[in-house]
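Notes follow the structure.
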Amino acid sequence: MLKIAIQKSGRLNEDSIKLLKECGIELNNGNKQLKAVAYNFPVEVYFFRDDDIPQYVYDGVADIGIVGENVLLETGKDIELAYRLGFGKCRLSIAVPKAMEYNSIKDLNGLKIATTYSNLLKQYLTANKVKADIHEISGSVEIAPGIGLADAICDLVSSGSTLFTNGLKEVEVILKSEAVITANKNLSEEKKAILKKLLMRMNAVKTAKNNKYILLNAPNYQLENIFSLLPGMKSPTVVPLVEEGWSSVQSVVNENDFWEVIEKLKQYEAEGIIVMPIEKMIIG
Ligand code: PRT
Ligand code: ZN
């Protein structure tokens, strides 16, 4: 049995539950209780505050956890970063009042910076030889400069609208973060085997999200060009059409360069292009 800690409520809760579901793990209750058991996979899910998860994983209360990399690094616990999940993306940044003149990191010297991430901020300032006063507060960091509590802040940013509405501008990015799987370093062989299975499933879900299934028709003399754009998992599937000189091609295309590939396919005379989402994708 592998014990998984996830956030009880907050930004990572829904995506964490959804991910487990997409991995075929059905839980026996919602997140109203402390613990849920899966019917069909040897895992138990515990619901905690995100800040507590690294400690619980370190202590072995949970074997693995889903947390923001920002939380994992801030707590500095000696636990493993086992897998990057690709959701909960944000950055930990330093921001100053919009009106302040800011040319380089040296301008932070002598300032009072409010944050809930004092360890990461301290490491960053030290690495950049900046001497500033770190003021640790527990929340609502963005209002600190406005009420005269600090000159600058260090906080998580995603869209940037919180900074904007508080009259602040982002000047330094300390860390780019996303949700990760963190694991205790001393898992038993049995738990390691379950984790390996789970990570294989998570990878299948993530890879599927990053790719689309693509079907198209093309004249045979363009096939080599089309294969160069759509290498597929091993190689593309090609089926001859009834119409002489034409084939149907099936392959996968990466989400990131999707539109660019489609434009080039059109140049190579591809027609009837159909693109479909992939639910799971297992390579090799
Ligand atoms: O109750 P608990 O302690 O479990 O939750 P929490 O309130 O500490 O954390 P929560 O739910 O806010 O965030 C959980 C995790 O989500 C964080 O540790 C990050 O890894 C990730 N995440 C992703 C974010 C954001 N994006 C984010 N934008 N966490 C917080 N924010 C906040 C930020 O602090 C700021 O107040 O959103 C505001 C900025 O957002 P924008 O869009 O205006 O820039
Ligand atoms: Zn928290």
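Below, the figures for the structure above:
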| read-out | value |
| --- | --- |
| 12 Å beta-carbon shell around Trp246, net charge (K/R +1, D/E -1) | -4 |
| Within the chain: Cβ-based charge dipole about Cα centre, in debye rounded to nearest 20 (Lys, Arg +1; Asp, Glu -1) | 620 debye |
| Tilt relative to the chain, helix 13-22 - C-alpha long axis, 0 to 90 degrees, to 10 | 30 degrees |
| For the range 44-153, the Rg and Dmax computed from alpha carbons only, in angstrom | 16.3, 52 |
| Portion, in percent, of the accessible area of the range 172-239 that falls on carbon or sulfur, probe 1.4 Å | 53 percent |
| In degrees, nearest ten, helix 189-210 long axis to first principal axis of the chain (Cα) | 70 degrees |
| Accessible surface, per residue, of the chain when the full set of protein chains is kept, probe 1.4 Å, Å² | 54 Å² |
| Positive-end residue of Pro219, Cys154, Ser248, charge dipole of the chain with Cβ unit charges | Cys154 |
| For Trp246, solvent-accessible area (1.4 Å; no DNA, RNA or ligand), Å² | 50 Å² |
| Cβ-based net charge around Ala95, under 12 Å, with every Lys or Arg adding one and every Asp or Glu removing one | -2 |
| Additional length obtainable on full extension of the chain from Gln33 to Asp51, 0.36 nm per residue less Cα span | 4.7 nm |
| Relative contact order (%) - the range 159-280, alpha-carbon pairs under 8 angstrom, separation at least six | 32 percent |
| Options Gly86, Ile105, Val45, ranked by Cα towards positive dipole end of the range 1-130, top entry (Cβ charges) | Ile105 |
| Reachable lysines, given that their alpha-carbon falls under 28 Å from the alpha-carbon of Lys185 and they are not under 8 places away in the same chain | Lys3, Lys8, Lys18, Lys21, Lys35, Lys77, Lys89, Lys122, Lys176, Lys196, Lys197, Lys206 |
| Principal-axis tilt of helix 118-127 within the chain, Cα atoms, nearest 10 degrees | 90 degrees |
| Under 10 Å, Cβ to Cβ, from Ala218 - net charge with Lys/Arg +1 and Asp/Glu -1 | -2 |
| Dipole magnitude of the range 90-177, debye to nearest 20 (Cβ charges: Lys/Arg +1, Asp/Glu -1, about Cα centre) | 220 debye |
| Overall Cα dimensions of the chain, principal axis frame, Å, largest first | 76, 51, 31 |
| Rounded to the nearest 20 debye, dipole of the range 211-277 from Cβ charges on Lys, Arg, Asp, Glu | 220 debye |
| Distance between the range 140-170 and the range 211-275 - C-alpha centres, whole angstrom | 48 Å |
| Extreme residue, positive dipole direction of the chain, given options Val57, Ala127, Val96 (C-beta unit charges) | Val57 |
| Separation of the Asn220 and Arg84 label points, Cα + 7 Å toward Cβ, nm | 4.4 nm |
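The values are calculated or read from the model by the stated rules, or taken from the named source; none is laboratory data. Nothing here was measured: the structure is a model prediction, and the numbers come from that model. For neighbour counting, all protein chains shown are included, and Cβ atoms are generated from backbone atoms with ideal geometry for every residue, glycine included. Calculation scope for accessible area: heavy atoms of the full protein, side chains included, ligands and nucleic acids excluded. Shrake-Rupley method; radii C 1.70, N 1.55, O 1.52, S 1.80 Å.
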